[in-house]
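Engineer: Submitted below is the structure of interest, expressed as structure tokens.
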Amino acid sequence: MIKMEYKDLIFPAGFKWGTASSAHQSEGGNHNDWSEWEQVQGNVKDGTDSQVACDHYNRYEEDFDLMKEFGHQVHRFSIEWSRIEPSPERWDERELEHYRRVIQALLVRGIQPMLTLHHFTNPIWFRDLGSWLNPEAPEIFGRYVGKLVSELKDFDIIWNTINEPMVISAMGYLFGEFPPQRKDFGDAQVVSRHLLMAHGQAAEAIRETYEESGKNHPLIAPVMSVSHFMPEDPDDPDDVELATYLDELYNHMWIKGAITGKVIDAEGNEMRYEALENSVDFIGMNYYSRQVVSSRMDFLNGEMPEKTIAERCDGLDWEVFPDGYYPLIKTFWERYGKPLWMTENGIGTMDDSLKCRYIISHLQQVYNAIQDGVDIWGYLVWTWVTNFEWAQGFMSDFGLVGMEPSTLQRIPRESAYLLKDIIEHNGITKEIQQRFLQ
């Protein structure tokens, strides 16, 4: 084996570190469109559901104590809409108070809250109104956000509006793997447009609420899922064209609209949408893997070339491909000129040594992008504690901290200690790289 030479990779002063999670995957006890969908046999691959998850709703202080012990500076989490607004314009004050306590618990431990307003799940009543296919959905969401922000504006919060809008539209309305399990390209386009408008409505509600209270504007951002699209045959023009098309469609179409303030209407015409003006202070970027595509296969029906990389994410079967991270980061910076935050990055695996290698190899790419002039503010690992991984159930374990099934006891893994070491050094020392990569 060739011994690699490494150097210390020290990140800029003020760079922030932590983890990310979502309410439905961690809290337990939610009742929404996803929790009902989970009860249909076969929808969740391992037959589990989210009713316990990791019981974070009751154990958040225990989890935050551990985060503080491990040096975390930021925690990204979501608020469950169905708890706050269980029926239209009926607000649950007990749940609002619960989330105030959650935010306060982070702040008193010196951890910055990054709050996601929508992370996949919807109230039952919103689903029954047609969910994101309803033309009134953006305004309905904006109304909810206005109420929530009015209750939480006194806290120091970084706001994420919509998490992974293209995953919502693709997985729920194109590929049919998430609720409501539709398979219609036109529906997927409508949902994508309404989610873009909802981001604008949310950002406008946040700005107006802070202005009316005489407060400075907080930071607001959407969070994008990005994937590195590659042609199976780089010498085949059709493969290259398909990869380029999908990259534009999945990675760029939505965020470009958020930044330019333009929405594509049902007739394919571009129109300005006032609520989108100044709605993006930075871009959250979630990266996990690549997508290799072939023009000889029907991508929209899920046909993909055989995977060739042995190291993969359990359950989801995503290939480990850190080399796709840098070009996406660089392209987003060059095209949009907005600061970036690496809001999700991680791997579901019971092989914790692979989890450590994954984090280090991807952080090397982030470091290289910073050295090449990209303004990146922080890096968040998905996720802190073993949680419910949507349609995979518990087949894919992304947690830096494991969980004993019968007691739900938190058990820090080596990867948790790795992140602690990285935070303490504000970077990856050569000793860390030598230990895990050789």
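Only the coordinates and a few stated rules stand behind these numbers; no lab work does. Everything numeric in this text was worked out from a predicted model, so none of it was measured. No Cβ is skipped: glycine too gets one built from the backbone with ideal geometry, and neighbour counts run over all protein chains shown.
Engineer: For the stretch 246-381, what's the relative contact order in percent, using C-alpha pairs closer than 8 Å and at least 6 residues apart? Don't skip to the end; give the middle numbers.
Structural biologist: Values: 168 pairs, mean separation 30.9, N = 136.
So the answer I get is 23 percent.
Engineer: Right, here's the next one. Mind giving me the nanometre distance, one decimal, between the label points for GLU208 and THR48, set 7 Å out from Cα along Cα→Cβ?
Structural biologist: Between GLU208 and THR48, the label points sit 4.2 nm apart.
Engineer: I've got another one for you. If we restrict to alpha carbons, what Rg and Dmax does the chain come to, in Å?
Structural biologist: Cα radius of gyration and Dmax of the chain are 20.8, 64 Å respectively.
Engineer: About its Cα centre, what dipole magnitude does the chain give when the only charges are +1 on Lys and Arg Cβ and -1 on Asp and Glu Cβ, stated in debye to the nearest 20? The partial results should precede the final answer.
Structural biologist: Working: 39 positive and 71 negative charges, 230 e Å.
Dipole of the chain, to the nearest 20 debye: 1100 debye.
Engineer: Specify which residue in the list VAL108, ILE329, LEU152 is farthest towards the positive end of the charge dipole of the chain, using unit charges on the beta carbon of Lys, Arg (+1) and Asp, Glu (-1), about the Cα centre.
Structural biologist: VAL108
Engineer: Counting DSSP beta bridges with both partners in the chain, what percentage is antiparallel, nearest 5? Walk me through the numbers on the way to the answer.
Structural biologist: Numbers: 10 of 45 bridges.
Antiparallel bridges: around 20 percent, rounded to the nearest 5.
Engineer: Return a whole-number percent for the relative contact order of the chain, with Cα pairs under 8 Å and 6 or more residues apart as the contact set.
Structural biologist: Details: 848 pairs, mean separation 84.3, N = 438.
Rounded, it is 19 percent for the chain.
Engineer: Okay, next question. Anything in the chain that counts as a DSSP H helix reaching 15 Å or more along its axis (C-alpha) with Kyte-Doolittle mean of at least 0.0? List them, would you? Provide the component values of the computation, followed by the final result.
Structural biologist: Details: long enough: 56-69 (20 Å, -1.91); 93-108 (22 Å, -0.37); 137-152 (22 Å, 0.33); 185-212 (40 Å, -0.33); 325-336 (17 Å, -0.66); 352-371 (28 Å, -0.18); 414-425 (17 Å, -0.11).
Those that pass (Cα extent of 15 Å or more, hydropathy at least 0.0) are 137-152.
Engineer: Could you give the nm distance between label points at ARG296 and LYS7, where each point is 7 Å from its Cα heading toward the beta carbon?
Structural biologist: Placing both labels 7 Å beyond Cα along the Cβ direction yields 4.4 nm.
Engineer: Given R₀ = 30 Å, FRET efficiency for ARG272-GLU36 by Cβ-Cβ distance, to 0.05? Walk me through the intermediate numbers first.
Structural biologist: On the way: r = 38 Å, r/R0 = 1.25.
After rounding to 0.05, the efficiency reads 0.20.
Engineer: Using Cβ counts within 10 Å as a stand-in for footprinting exposure, how do SER279, SER169, SER361 rank, fewest first?
Structural biologist: Details: SER279 23, SER169 27, SER361 18.
Lowest count first: SER361, SER279, SER169.
Engineer: Using only helices, what value at 222 nm comes out for the chain when you add -39,500 (n - 2.57) per DSSP H run of length 4 or more and divide by the total residues, to the nearest 500 deg cm²/dmol?
Structural biologist: Values: 15 runs with 172 residues, N = 438.
So the calculated ellipticity at 222 nm is -12000 deg cm²/dmol.
Engineer: Compute and list, largest first, the equivalent-ellipsoid semi-axes of the stretch 80-167 from the alpha carbon gyration tensor, each √(5λ) rounded to a whole angstrom. Provide the component values of the computation, followed by the final result.
Structural biologist: Details: eigenvalues 117, 44, 22 Å².
Taking √(5λ) for each eigenvalue gives 24, 15, 10 Å, largest first.
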